[in-house]
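Below you'll find the structure, written out as structure tokens, and then a few comments.
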Amino acid sequence: MHDRIVPHRDDDLSGVSSGRDAPIEVRRSSRRKSTVSAHREGETIIVSIPAHFTRAQEQRWVSAMVDRLARKEQRKRPSDAGLRDRAALLSRQYLGGRAVPSSIRWVSNQARRWGSCTVSDGSIRISTRLRGVPPHVLDYVILHELTHLLHAGHGPSFWKILEVYPHTERARGFLEGLEYSHTVLGLDWEHADVDGPGEGADS
Ligand SMILES: [Zn+2]
């Protein structure tokens with residue numbers, strides 16, 4: 001139950017950054033004394049504020065909360081540019097900067113693989129099903145694909161390279177759990193590995 005819902009158009013909140021193209025709805029509640037919160041309902045950003053807030057307070061808090069939500073979402077679901085930065089950082093940190101992909105991007109058409117790498121053109125794809133997983137799991141999948149640029153197969157030397165990443169086992173356990181939960185939910189997965197049950201990177 002909300003006291004008053006005020007739909008917001010873009011020009012209402014000049015300077016609000018990343019939520020700009022998302023519809024914003026402000027809900028005022030007389031039960032709220034001073035707390036403010038923001039969450040998503042579908043595409044819409046819902047900002048809940050105390051009913052006694054002035055127009056100026058509303059504008060200031062809506063702007064701050066939309067920014068805060070956007071930063072949180074950016075941390076949780078990096079963009080393609082965020083993937084690129086992450087890959088460069090991980091390559092420097094764990095692979096001596098030797099693995100430099102020609103491209104790395106999110107894809108939604110990888111039903112059975114968390115990631116894939118085409119060694120011949122140096123391109124890497126990360127499944128959008130990984131959006132929202134803990135950072136160490138996403139980092140592991142990125143590093144796994146980066147390592148394929150140095151070593152195509154899943155042989156002992158491939159895993160030797162990946163040993164440098166301290167969270168490999170934990171991340172693999174998480175992915176197995178994620179795969180299992182998918183299986184329990186009835187998705188007929190035969191077997192899922194980071195880049196399929198096969199032989200590692202695509203040539
Ligand atoms: Zn692999």
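Quick notes on this one:
- Estimated FRET transfer efficiency (VAL119, ALA64; beta-carbon r; R0 35 Å; 0.05): 0.15
- Å² per residue, accessible surface of segment 59-188 at 1.4 Å: 53
- Accessible area of segment 32-95 belonging to carbon and sulfur atoms, whole % at 1.4 Å probe: 51
- With coordinates expressed along the principal axes, the C-alpha atoms belonging to segment 80-183 extend over 35, 26, 22 Å, beginning with the largest.
- Accessible heavy-atom area order of ARG68, ARG31, ARG105, highest first, probe of 1.4 Å: ARG31, ARG68, ARG105
- Net charge over other residues, Cβ less than 13 angstrom from the Cβ of GLN93 (K, R count +1; D, E count -1): +1
- A simple spin-label model places the labels of HIS182 and SER102 2.7 nm from each other, with each point 7 Å out along Cα-to-Cβ.
- Extension gain, ALA56-PHE174: 0.36 nm per intervening residue step, less the Cα-Cα distance, totals 37.9 nm.
The values are calculated or read from the model by the stated rules, or taken from the named source; none is laboratory data. Predicted model, so just to flag it, every value in this text is computed and none were measured. Note that each Cβ is placed from the backbone with ideal geometry, even for glycine, and that neighbours are counted across all protein chains shown. What goes into the accessible areas is simple: the full protein's heavy atoms, side chains included, and nothing from ligands, DNA or RNA. Shrake-Rupley method; radii C 1.70, N 1.55, O 1.52, S 1.80 Å.
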